[in-house]
Amino acid sequence: MSESTYTVTGITCGHCAASVTEEITTLAGVKKVDVDVESGRVTVASDSPLATEDIRAAVTEAGYELVGA
């Protein structure tokens with residue numbers, strides 16, 4: 001099991017968090033996604049490490065932006 005934490009800008013409410021969670025959970029191997037609305041931190045648990053580009057694409061698809069990485 002692998003766990004990674006990312007920072008996403010623009011998450012301001014539960015609906016935002018749900019949108020990001022929905023997109024990331026479509027990635028192969030993702031087991032759990034936790035979004036902290038206040039900090040913009042997104043923690044992803046997966047079977048194996050995920051490519052940052054895949055996380056970035058999912059976050060962008062949801063309408064938000066991955067910071068750094």
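Amide hydrogen proximity for LEU50: with H placed 1.01 Å from N in the peptide plane, no residue at 5 or more positions away or on another chain lies under 5 Å. Taking only the alpha carbons of the chain, we obtain Rg and Dmax values of 10.5, 29 Å in that order.
Relative to the longest principal axis of the Cα atoms of the chain, helix 52-62 runs at roughly 40 degrees.
State in Å² the accessible area per residue of the chain; use a 1.4 Å probe, count heavy atoms of protein chains only, and round to the nearest integer.
Values: 3990 Å² over 69 residues.
So the chain comes to 58 Å² accessible per residue, rounded to a whole number.
The helix-based estimate of mean residue ellipticity at 222 nm for the chain, built from -39,500 (n - 2.57) per DSSP H run of four or more residues and divided by its residue count, is -9500 deg cm²/dmol to the nearest 500. For the chain, the longest principal axis of the Cα atoms and the long axis of helix 14-24 meet at an angle of about 30 degrees. Placing unit charges on the Cβ atoms only, positive for Lys and Arg and negative for Asp and Glu, gives the chain a dipole magnitude near 80 debye about its Cα centre.
The values are calculated or read from the model by the stated rules, or taken from the named source; none is laboratory data. Values in this document were obtained by computation on a predicted structure and should not be read as measured data. Note that each Cβ is placed from the backbone with ideal geometry, even for glycine, and that neighbours are counted across all protein chains shown. These area figures cover heavy atoms from the full protein model, side chains too; ligands, DNA and RNA do not enter into them. Shrake-Rupley method; radii C 1.70, N 1.55, O 1.52, S 1.80 Å.
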